[in-house]
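A short write-up of the structure that comes next.
What follows is calculated from the coordinates using simple rules that are stated; it is not laboratory data. Remember, predicted model here, so these are calculated numbers, not experimental data. Heads up, the Cβs are rebuilt from the backbone with ideal geometry, glycines too, and the neighbour counts pull from every protein chain shown.
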Amino acid sequence: MATGWAGDGAVQDQIDATVGDAVQRARARLGKGPGRTRCEECDAAIPAARREAVPGVRLCVACQEEHDRDEVVSSGYNRRGSKDSQLR
C-alpha cells in the first residue's frame with residue numbers, strides 16, 4: 001500500500017510515542033518516600049490508609065482534587081496534525 005512519505009508502521013510509531021510520553025509524565029508525577037502526616041496546603045490530617053496507598057503523599061484528598069482540576073496535562077506536541085496543516 002502506498003503511504004506517501006510515511007514509512008511502514010509510521011502511524012503505530014506515533015501512537016507508541018504518544019503513549020510512551022504519557023506514561024513517562026505519569027511516572028514523573030508519582031510521589032516517592034514516606035508520605036506526610038499533615039497536608040502541606042491546609043494542614044489537615046492525612047489518614048494512614050491514604051499515606052499507605054499513595055507513596056509520598058503531600059496533600060489531603062480535598063486539596064489533591066483541587067490541584068488535579070487546576071493542572072493542565074499537555075504533551076506539547078501535535079503528532080497527528082490536521083489534514084489542512086499538512087497541505088500548507
_For a quick check: with amide H placed at 1.01 Å from N, whose amide H comes under 5 Å from Glu41's, ignoring anything fewer than 5 positions away on the same chain?_
Cys60
*Each label point is 7 Å from the Cα along the Cα-to-Cβ direction; what then is the distance between the points at Asp21 and Ala45, in nm?*
4.4 nm
_Length added when fully stretched, Asp68-Leu30, from 0.36 nm per residue minus Cα-Cα_ = 12.4 nm
*asked:* Could you derive backbone 3J(HN,Hα) for the stretch 42-47 from the dihedral phi with the Karplus parameters 6.51, -1.76 and 1.60 (θ = phi - 60°), listing whole Hz in sequence and x where the residue is Gly or Pro?
replied: 10, 6, 6, 5, 9, x
*Would you mind putting 42-54, 20-32 in packing order, based on average other-beta-carbon counts within 10 Å, highest first?*
42-54, 20-32
*If the chain between Thr37 and Val54 were fully stretched, how many nm would it gain, using 0.36 nm times the residue separation less the Cα-Cα distance?*
4.9 nm
